[in-house]
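Structure, as structure tokens:
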Amino acid sequence: MTQPTEIRRVPDTFRPFRVLDAYSCIGGATKGLKHALPGCHVTGVDIQAQPDYCGDVFHQGDAIEFIRAHGHEFDFIHASPPCQGEGAPTKGTNAARNAAIGRTYPRLIVPTRAALEAAGRPYVMENVAGSEVRKDLRLCGEMFGLGVLMHRYFELGGWTTAQPAHPKHRGYVRGWRHGIYREGPYVAAYGEGGGKATVDEIRAAKHIDWSTDHLRLREALPPAYTQWIGAAFLASLAPTLGVAA
């Protein structure tokens, strides 16, 4: 889609193309964007310390507040609000169970969107099927030959691209489901036990080799997703940004 040329702003500034990865975790999205946009500078923001973060600069703090204060300083923004407050845990029996034990999750998509729109920069926001994120794109690990399915939806702000074809899955996700254990070409990169993926299996399945933290590996987006998105963004907006495609 694009040539691996170094991304720069217009000639009279010569500064790197600046990307913000909000709710960055260990930087699965960061790594993909760096592959797609060689030479870019990526700042990660997360409420928790992320010693394994793989970008250029990390800021520990509230992602929404950071976008409000600094979002306008970046050329492109990726945001992955935690899905715990958006999908299945907030619905039906899961919601009742969480309420019974006093577990609550913030709903972050709407305020994140407001902050992104106020920043006025092109963005992509990712989340799960049951969330309020706009379903402009749907990506799946099978599109990239990964060992996880991990369907994720992406809202595009200030740019657009076509939905890629969704190939047929090759089989089951390995593990127990509804009392039945199945083998399959994919691993369950969430939770623990019941045949779910080990650290080494998640690293191999998602193509993440810079962390061994089981929880954060489970939460991280496979870099292939944002590598595809970064290339699509560059192809769609390169002429208006004055960068080489």
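Before moving on, here are some points about what is shown:
- Search result, residues across the stretch 215-245 that are open to solvent by 40 Å² or more (accessible area, probe 1.4 Å) and either modelled with pLDDT of 95 or more or among the basic types (Lys, Arg) (or both): Leu215, Arg216, Arg218, Glu219, Gln227, Trp228
- The condition of being assigned to a loop (DSSP other than H, G, I, E, B), open to solvent by 40 Å² or more (accessible area, probe 1.4 Å) and modelled with pLDDT under 55 holds for only one of Arg107, Arg103, that being Arg103.
- Residue within the stretch 195-202 that is hydrophobic (A, V, I, L, M, F, W, C), open to solvent by less than 20 Å² (accessible area, probe 1.4 Å) and either at pLDDT below 95 or within 15 Å of the chain's Cα centre (by Cα) (or both) present: no
- Near pairs, Cβ below 9 angstrom, 6+ apart or cross-chain, from the stretch 33-46 (farther than 20 Å from Pro81 by Cα) to any residue that is assigned to a helix (DSSP H, G or I) and at pLDDT below 95: Ala36/Leu234; Leu37/Leu234
- Residue ID - farthest from Tyr172 (Cα to Cα), chosen from residues in the stretch 116-155 that are open to solvent by 20 Å² or more (accessible area, probe 1.4 Å) and aliphatic (A, V, I, L, M): Ala118
- Checking each residue in the stretch 1-53 for being of a type in the set (S, T, N, Q), modelled with pLDDT of 95 or more and surrounded by fewer than 24 Cβ atoms within 10 Å (Cβ to Cβ) picks out Thr43, Gln48, Gln50.
- Residue selected from the stretch 64-87 under the condition open to solvent by less than 60 Å² (accessible area, probe 1.4 Å) and assigned to a helix (DSSP H, G or I), by the criterion modelled with the lowest pLDDT: Gly85
The values are calculated or read from the model by the stated rules, or taken from the named source; none is laboratory data. Keep in mind that this is a model prediction, so the values were computed, not measured. Here the Cβ is made from the backbone with ideal geometry for all residues, glycine too, and neighbour counts use every protein chain on show. To get the accessible areas, we keep the full protein, side chains included, count just its heavy atoms, and leave off ligands, DNA and RNA. Shrake-Rupley method; radii C 1.70, N 1.55, O 1.52, S 1.80 Å.
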